[in-house]
Amino acid sequence: MLTSFSAKTFRCFRDLSLCPLARVNLITGANNCGKTALLEALFLHVAPTNPEVAVRLCGFRGFPTSPKGLEEAWTWFFFRRRVSEAAALSSTGADGVKRALRLSLQSIETAEVGTGDVSTMLPMEGHSRPVMAGLRQLVLEYKDSDRTVTSTVTLSEDLRVVKLERAGVQPFAESVFLTPRHRNLQEDAERFSDYLERVGRESELVDVLRILEPRIKRVVVLASGGMHFLGADAGLGEVIPLSFLGDGLVRLACIALAIASASGGLVLIDEVENGLYHSAMSRVWQAIGEAARRQNVQVFATTHSLECIRAAYEAFSQMGPDEFRLFRLDRNKDDVSAVVYDAETVEAALVHGIEVR
């Protein structure tokens, strides 16, 4: 688990720090204050030697993952698009280890190319081509107490991706990023099969889904047209696709399965309340908290909803002080800062009608 995190000159953050972090961290704030950008910063930081994460983040934002789209999107990693200034993401873990990731966009003449494994050529817009002068590289330099390693994504002069170069180091934590539009039924089925069904823990997902649909008796993997997806026995005479029982159940299953698959790591949930009915949110938070403790997972979630914040307080108020933290991001001109609330200060704010969003 992370105990602190900071982002400097990354996206909209000139210098943002979050401390102390808890097992479940809820991020709130007005539109355009950086809630999603914070999740992206965390996602990059915990997989610092996998440059493909930077490509995936472009897709999350709706940018085309063609080279021209990447060239545009990468400039937005930097504060005010000042690509001459490196972005820095750093953390301290519960193990006391300090970790840092430095991002820069460089030309081939000035880039320091990593010495790790040479990786895969990206199959984007034609075949890979020889490296030529004038290349653009997104460079990710990772440093902790034991090592400094560099990974890159390289673009050619005509903005075709040439290759990824990954340093031969594993991410220091598993991570899953769930966007508001996340709907990968195949992935959910695979996670259910790999992390619950194979070890006889199917009932954990059933118990969570009963928060929204008490009639569910069991969950299975169904197949059709070469695809696999989850099905549920809800006492309707046959097992039916989970998606036919509503988007809320799909969203809840997705969250539960993400936590099950990220043991010892992070789960990042953008707009956590999306698709979930407000009266069930307290029980949803209880389920998230229990699963996170069981899997030793740290959760970061964003919300606009006061009902969601209130439900989180109700779910975590009787637990330990390190179980829940609320952070409100505030924008003042070009600066974004974080106001931290523990369970006690959240209660005071809710009782006295103080705005915490």
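Screening Ala22 on (1) buried (at least 23 other Cβ atoms within 10 Å of the Cβ); (2) within 15 Å of the chain's Cα centre (by Cα) shows it passes everything except condition (2). Taken over region 175-195, the residue count meeting the criterion of being more than 17 Å from Ala287 (Cα to Cα), in a helix (DSSP H, G or I) and among the hydrophobic types (A, V, I, L, M, F, W, C) is 2.
The single residue among Ser84, Ser4 that is surrounded by fewer than 17 Cβ atoms within 10 Å (Cβ to Cβ) and assigned by TED's automatic domain parsing to the domain that holds Thr150 turns out to be Ser84.
Is it true that Glu344 is in a helix (DSSP H, G or I) and within 20 Å of Val284 (Cα to Cα)? Considered against the rule, which asks whether it is in a helix (DSSP H, G or I) and within 20 Å of Val284 (Cα to Cα), Glu344 comes out as no. Restricting region 58-72 to residues that are touching a residue at least 40 places away in the same chain (Cβ under 8 Å) and assigned to a helix (DSSP H, G or I), the residue that is farthest from Ala262 (Cα to Cα) is Lys68. For region 102-113, filtered to residues that are within 23 Å of Phe43 (Cβ to Cβ) and touching a Lys or Arg at 6+ places or on another chain (Cβ under 8 Å), the residue that is modelled with the lowest pLDDT is Gln106. Within region 302-309, can one find any residue that is within 26 Å of Arg181 (Cα to Cα), in contact with a Ser or Thr (Cβ under 8 Å, 6 or more places away or on another chain) and in a loop (DSSP other than H, G, I, E, B)? Within region 302-309 (the criterion being within 26 Å of Arg181 (Cα to Cα), in contact with a Ser or Thr (Cβ under 8 Å, 6 or more places away or on another chain) and in a loop (DSSP other than H, G, I, E, B)), the answer is yes, since at least one residue qualifies.
The single residue among Arg198, Arg215 that is assigned to a helix (DSSP H, G or I) and either without any contact (Cβ under 8 Å) to a residue 60 or more places away in the chain or charged (D, E, K, R) (or both) turns out to be Arg198.
Against the definition (surrounded by 15 or more Cβ atoms within 10 Å (Cβ to Cβ) and in a helix (DSSP H, G or I)), how does Arg331 come out, yes or no? Give the steps one after another, and end with the answer.
Values: surrounded by 15 or more Cβ atoms within 10 Å (Cβ to Cβ): yes; in a helix (DSSP H, G or I): no.
Taking the combined requirement at face value, the residue does not satisfy it.
For Val53, indicate whether it is surrounded by 15 or more Cβ atoms within 10 Å (Cβ to Cβ) and either under 17 Å from Ser175 (Cα atoms) or at pLDDT below 85 (or both).
Spelling it out, Val53 is indeed surrounded by 15 or more Cβ atoms within 10 Å (Cβ to Cβ) and either under 17 Å from Ser175 (Cα atoms) or at pLDDT below 85 (or both).
Can you name the residue in region 299-311 that is of a type in the set (Gly, Ala, Ser) and either surrounded by fewer than 23 Cβ atoms within 10 Å (Cβ to Cβ) or within 19 Å of the chain's Cα centre (by Cα) (or both) and is also nearest to Leu21 (Cα to Cα) among such residues?
Going through region 299-311, the residues of a type in the set (Gly, Ala, Ser) turn out to be 301, 305, 311.
From the residues that got through so far, the ones that are either surrounded by fewer than 23 Cβ atoms within 10 Å (Cβ to Cβ) or within 19 Å of the chain's Cα centre (by Cα) (or both) too are 301, 305.
Working: Ala301: 12, Ser305: 21 Å.
Among those residues, the one meeting the criterion is Ala301.
The values are calculated or read from the model by the stated rules, or taken from the named source; none is laboratory data. All of these numbers come straight from a predicted model, not from anything done at the bench. For neighbour counting, all protein chains shown are included, and Cβ atoms are generated from backbone atoms with ideal geometry for every residue, glycine included.
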